[in-house]
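Shown next, in structure tokens, is the structure this report addresses.
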Amino acid sequence: MKIVVCVSLVPDSTTKVKIGASGKSIDETGVTFIINPYDEFAVEEAVQLKEKNGGEVIAISVGTDRSKEAIKKAFQMGADKGILLKSVTADFDSYSVAKNLAETIKELNPDVILFGKQSIDFDGSIVPGMTAELLGLPVVNVVTKLEISGNEAAAEREIEGGKEVVKTSLPAVFGAQKGLNNPRYPNLKSIMASKSKPIEEKPFQTYGMTELTGMSLPDSKGSGKIFTDGVQNVPELVRLLREEAKVI
Amino acid sequence: MNKILIVAETKDNIFKSNAFEAVTTGKHIAETLGTGFDVITVTDASDEQLKTLGKYGASKVFHISLTELNSKSPAAGIKYSHSAIASAVSNFANSGGYEIIIISGTAFGKEIAPAISVKTGSAVITDCTGYTVTDGKISMKRPSYAGKCNTNVNYTSGKIVITLRPNVFKAEVSETGSEIANVSPDSLNISAADFKTCVTDVVVSSGKLDVAEADIIVSGGRGLRNPESFKLVEDLAEVLGAATGASRAVVDAGWRPHGEQVGQTGKTVSPSLYVACGISGAIQHLAGMSSSKFIVAINKDKDAPIFQVADYGIVGDVFEILPALTEEIKKIKG
């Protein structure tokens, strides 16, 4: 089984966002970059599929040289090969990412393509679906359970207040949600082995259909009414919620 | 010719509130751009139900029967197919020459929007919370980094697919009265090949309200000390008709299901009221809930970051305050 897993490098979720000088991106000073948390579920699922069915796992990332870190993390978890679609800047839109990924994936002709359900920086949740459509393949996103048997796949995907059971056939694209599996911690042996795994570089082409024109911080709230002497303030809190905020 | 097409979503053949939000927003955008709008829906809703869209200003509703669409499926026993619905909407949009397609950013909307954008040659901007119109062109505002910042996004292609974050835009009644036009899947060239994915079952988690859709959320964190204490959070949620939410710490500890997690690796929510109980307010949690209209914090640590985003707060013991709050609200609700 040939499995492709698409990974991206994002600012850690503890990052306090400041707007950079361009006004169009964040100030990266002091920011720690990590593999997108949802991509870890995708990598784990890819490696489990390989362990069960044999085959190989190819990790693909889009970005500058820095994005190799996301591929290396996938290597440590058990991916075999890496491809970096190398861009000069980090300034590209979802369509460009999907289009470049689709072209590379098409040549690889995999059975299963896995993504994290969305990246935690732009939160677009578009790339898995768009890549699938460009490849003419089925897609199921926000997957919490995946069962593959021969050419058939049954996935559970999270929806508001429940889940859907979705049937499809391979090759197909799946977007991983937390709960799909428990991503492994790399051990020393896998970390050592990861160092010799190859990363091929390919050029990235921009096709921009959308353009980010500005970034701003949300309006900060004025200071709230905070009571400091415990349970006796409950009736006053309820009064405020009812009469001032009018929310209950 | 109308330039805007709104996709209205039903659940169990009843329009969801976000369908009315989408219709109202589409109507406003159409008015600003000096064009008209149409609505398309793929559902087995009754004519009477379809007409409710008219209350929100939809003068023309195009209806594709879900049963009729499903009859094109090669497999039996399917509930619906995201891929077939995306094909039907896209083919309809292409034949009608629509330039702006508006979809609610629900689980359903997010699943069909990328395919529709590719099939119609449109750019796509998801999870929008606002828009501006300059020189006849629309520009969208959307949160990034789970709401830690907002971005403004333009599109450089001629066409655009927009998804709207639920519960942000208002639905406004404007009594227009709707004309319903049935569209057959045959006229849209739908075939077996469009059924790439098929939903065969929908499992509802025991009547619980989902944080992503709730108007009030009561959330608990580490301060509750153990999973059993979440009963206090559930009791308050019950009297408020609220959904229960959770911090990442307690989800990772296995106390609560992931579906309840609010924050950067969980759900981003913007209810009218968010009550944070025993949650200190890690930055990734604040990102997911600070756009709530009103925030109440209950925490024993007066320096907890959650108080910085709270409109109201009580510094004190959650084990005392939660039961008292539940009782007090029971009293006023009679």
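The table below gives the values:
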item: Viscosity 0.890 mPa s, temperature 25 °C, Stokes-Einstein D of the stretch A:84-159 from Kirkwood C-alpha radius, µm²/s; result: 180 µm²/s
item: Mean projected area in nm² (Cα convex hull; one quarter of hull surface) for the stretch B:163-250; result: 10.8 nm²
item: Dipole magnitude of the protein assembly as shown, debye to nearest 20 (Cβ charges: Lys/Arg +1, Asp/Glu -1, about Cα centre); result: 840 debye
item: Part-to-part distance (alpha-carbon centres) for the stretch B:156-183 and the stretch A:22-40, which is given in Å; result: 34 Å
item: Rg/Rg_globular for the protein assembly as shown, with Rg_globular taken as 2.2 N^0.38 Å and Rg from C-alpha atoms; result: 0.96
item: Spatial separation of Cα centroids for the stretch B:298-334 and the stretch B:1-31, in angstrom; result: 38 Å
item: Estimated inter-spin distance, residue B:201 and residue A:245, nm [label 7 Å along Cα→Cβ]; result: 4.0 nm
item: Loop-resident sites, the stretch B:166-275, for GluC sites (Glu not before Pro), counting at most 16 other Cβ within 10 Å (DSSP); result: B:172, B:175
item: Cross-link pairs B:110/B:137; B:148/B:302; B:110/B:196; B:72/B:159; A:68/A:106; A:221/B:231 - those with Cα-Cα distance over 26 Å; result: B:72/B:159; A:221/B:231
item: Acute angle (nearest 10 degrees) that the helix B:107-120 long axis makes with the longest principal axis of chain B, alpha-carbon atoms; result: 30 degrees
item: Dipole magnitude of the stretch A:66-215 about its Cα centre (Cβ charges: Lys, Arg +1; Asp, Glu -1), debye to nearest 20; result: 740 debye
item: Restraint check, B:170/B:208; A:225/B:11; B:141/B:208; B:3/B:170; B:79/B:119; B:55/B:331, Cα-Cα greater than 28 Å; result: A:225/B:11; B:141/B:208; B:55/B:331
item: Calculated FRET efficiency for the pair residue B:293/residue B:51, C-beta based, R₀ 45 Å, to 0.05; result: 0.90
item: Tail beyond 31 Å, pair distance distribution of chain B (Cα, percent); result: 40 percent
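We did not get these values from a lab; they are worked out from the coordinates using the rules stated. Being a predicted model, the structure only gives us computed values, none of them experimental. Here the Cβ is made from the backbone with ideal geometry for all residues, glycine too, and neighbour counts use every protein chain on show.
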